[in-house]
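Trainee: Got a structure for you, written out below as structure tokens; questions coming shortly.
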Amino acid sequence: MKILVTGAAGFIGYHLCESLLKQGFEVLGLDNINDYYDVNLKYDRLKELGILSNCAEQFNNLCESSIHGSQLKFVRMKLEDREALPDLFQNEKITVVCNLAAQAGVRYSLENPESYIDSNIVGFLNLLECCRHNKVEHLVYASSSSVYGLNEKVPFSTEDSVDNPISLYAASKKSNELMAHTYSHLYGFPTTGLRFFTVYGPWGRPDMALFLFTDAILNDRPIKVFNHGKMERDFTYVDDIVEGVVRILTKSTKDRDLYKVYNIGNNDSVKLNDFIEAIEEQVGKKAEKEMLPMQPGDVYRTWADVNNLIRDYDYHPDTPIKKGVKSFIDWYKSYYSL
């Protein structure tokens with residue numbers, strides 16, 4: 001089985017590649033390595049996988065891992081490239097696809113809407129076409145908890161209405177689900193959408209709360225606390241997420257509906273102030289807090305109902321917040337030599 005992981009230089013993509021390689025799967029990684037955040041962090045993730053930057057920085061150039069050999073290849077490519085991506089599929093004989101590549105970030109979508117259309121919609125369509133024409137056995141793709149918008153009923157269920165997104169990012173993820181449904185219906189190949197809930201852990205994104213808070217506290221800067229701290233998130237440790245994704249990628253799709261959507265989260269909701277306290281405890285310093293109002297596109301609370309994923313894939317997230325936060329801070333101090 002050859003598994004294409006798009007977004008392989010990203011936070012979840014890197015961890016997924018690592019897990020798949022340890023389990024003996026052949027992996028093809030793809031990423032456009034854009035500058036939404038520090039590209040050095042992306043190249044360093046790839047370096048951990050044995051993909052060196054002097055090869056990875058060239059577009060449409062297939063690189064082989066210095067650690068894993070031909071078991072891992074990587075290519076820098078844009079999903080919306082309608083010549084290069086079909087050629088890659090034709091040449092590499094991909095079995096299943098996990099699409100984690102996307103322009104991320106709710107707030108950034110207010111400033112750069114075009115990048116969300118290019119990557120998350122045009123790129124996703126190109127990927128669907130490649131899966132269709134190359135007999136890919138299963139497409140698993142990242143959706144988002146943001147599709148629930150301002151839904152007040154908790155925990156969020158995949159049975160709930162998601163017709164009122166409040167950010168372009170959320171709208172693009174909802175569009176992905178609709179497009180996948182159409183392709184499953186028309187062309188008969190299985191697609192599985194995963195609505196991710198606030199993933200955190202080592203090698204995390206610098207625009208996420210845990211990274212921002214840790215960096216600010218350690219460097220004696222105030223942290224920005226939106227909605228005056230009256231927010232809750234279903235914080236999910238990256239290892240729990242990856243375990244669930246691997247189970248979905250590697251389990252047969254026989255005898256199931258062609259189109260499926262699942263929540264994938266921690267099955268719990270944590271108050272933002274409690275999350276900050278866990279960081280303070282591990283860092284050994286109190287945070288100076290700058291209390292701010294709710295930001296456009298943000299939601300008050302997220303909480304995933306993952307019962308369907310438990311039923312179908314025996315998914316059981318079990319990493320406590322304090323343990324997960326400690327793992328991230330240990331990585332942060334090591335990475336930045338603190």
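Trainee: Condition first: closer than 15 Å to Met231 by Cβ and free of Cβ contacts under 8 Å to residues at least 12 places away in the same chain. Can you find one or more residues in the range 284-300 that meet it?
Mentor: No, the conditions are met nowhere in the range 284-300.
Trainee: Oh, and also: Within the range 240-249, is even one residue of a type in the set (Lys, Arg), out of contact with any Gly (no Cβ under 8 Å at 6 or more places or on another chain) and in a helix (DSSP H, G or I)?
Mentor: yes
Trainee: Which numbered condition trips up Asp330, out of (1) part of a helix (DSSP H, G or I); (2) buried (at least 20 other Cβ atoms within 10 Å of the Cβ)?
Mentor: Checking Asp330 against (1) part of a helix (DSSP H, G or I); (2) buried (at least 20 other Cβ atoms within 10 Å of the Cβ), the one that fails is (2).
Trainee: Give the residues of the range 11-40 that are over 27 Å from Arg247 (Cβ atoms), part of a loop (DSSP other than H, G, I, E, B) and not β-branched (Val, Ile, Thr), sorted by residue number.
Mentor: Answer for the range 11-40, where residues must be over 27 Å from Arg247 (Cβ atoms), part of a loop (DSSP other than H, G, I, E, B) and not β-branched (Val, Ile, Thr): Asn32, Asn34, Asp35, Tyr36, Tyr37, Asp38.
Trainee: So, in the range 305-316, of the ones that are at pLDDT 95 or above and part of a loop (DSSP other than H, G, I, E, B), which residue ends up surrounded by the most Cβ atoms within 10 Å (Cβ to Cβ)?
Mentor: Here the answer is Val306.
Trainee: Would you mind telling me which numbered condition in (1) in a strand (DSSP E or B); (2) within 26 Å of Asn307 (Cβ to Cβ) Leu178 fails?
Mentor: (1)
A quick yes/no check of all residues on (1) within 25 Å of Tyr183 (Cα to Cα); (2) of a type in the set (D, E, K, R); (3) open to solvent by less than 40 Å² (accessible area, probe 1.4 Å):
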| residue | (1), (2), (3) |
| --- | --- |
| Ser70 | no, no, no |
| Leu79 | yes, no, yes |
| Glu92 | yes, yes, yes |
| Ala101 | yes, no, yes |
| Ile117 | yes, no, no |
| Leu127 | yes, no, yes |
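Trainee: Next up: Select from the range 258-273 the residues that are in contact (Cβ under 8 Å) with a residue 60 or more places away in the chain and in a loop (DSSP other than H, G, I, E, B) and write down the one among them that is nearest to the chain's Cα centre (by Cα).
Mentor: Gly265
Trainee: Quick check on my filter: what residues within the range 191-209 are open to solvent by less than 10 Å² (accessible area, probe 1.4 Å) and not in a strand (DSSP E or B)?
Mentor: Phe197, Gly201, Gly204
Trainee: Here's something else I'd like to know. Here are the criteria: (1) under 30 Å from Lys224 (Cβ atoms); (2) among the aliphatic types (A, V, I, L, M); (3) open to solvent by 60 Å² or more (accessible area, probe 1.4 Å). Tell me which single one Leu41 does not satisfy.
Mentor: All conditions pass for Leu41, except number (3).
Trainee: For the range 253-260, does any single residue satisfy the condition of being touching an Asp or Glu at 6+ places or on another chain (Cβ under 9 Å), β-branched (Val, Ile, Thr) and either surrounded by 14 or more Cβ atoms within 10 Å (Cβ to Cβ) or at positive phi (or both)?
Mentor: Yes, the range 253-260 contains a residue that is touching an Asp or Glu at 6+ places or on another chain (Cβ under 9 Å), β-branched (Val, Ile, Thr) and either surrounded by 14 or more Cβ atoms within 10 Å (Cβ to Cβ) or at positive phi (or both).
Trainee: Given the options Gly7, Gly50, name the one that is closer than 30 Å to Leu150 by Cα, modelled with pLDDT of 95 or more and open to solvent by less than 20 Å² (accessible area, probe 1.4 Å).
Mentor: Details: Gly50 fails: closer than 30 Å to Leu150 by Cα.
From the options Gly7, Gly50, the qualifying one is Gly7.
Trainee: Could you identify the single residue in Thr302, Thr250, Thr236 that is more than 21 Å from Trp203 (Cα to Cα), of a type in the set (Val, Ile, Thr) and open to solvent by less than 20 Å² (accessible area, probe 1.4 Å)?
Mentor: Within the list Thr302, Thr250, Thr236, the selection yields Thr302.
Trainee: Can I ask one more? Which condition number does Glu159 fail, the rest of (1) more than 19 Å from the chain's Cα centre (by Cα); (2) closer than 20 Å to Ile264 by Cβ; (3) open to solvent by less than 60 Å² (accessible area, probe 1.4 Å) being met?
Mentor: (3)
Trainee: Only one of these is in contact with a Cys (Cβ under 7 Å, 6 or more places away or on another chain) and either surrounded by fewer than 17 Cβ atoms within 10 Å (Cβ to Cβ) or at pLDDT 95 or above (or both): Val245, Val325. Name it.
Mentor: Result: Val245 is the single residue among Val245, Val325 that is in contact with a Cys (Cβ under 7 Å, 6 or more places away or on another chain) and either surrounded by fewer than 17 Cβ atoms within 10 Å (Cβ to Cβ) or at pLDDT 95 or above (or both).
The values are calculated or read from the model by the stated rules, or taken from the named source; none is laboratory data. What you see is a predicted model, and the numbers here were worked out from it, not measured in a lab. Note: ideal-geometry Cβ built from the backbone for every residue, glycine included; neighbour counts use all protein chains shown. Please note that ligands, DNA and RNA were not included when accessible areas were found on the heavy atoms of the full protein model with its side chains. Shrake-Rupley method; radii C 1.70, N 1.55, O 1.52, S 1.80 Å.
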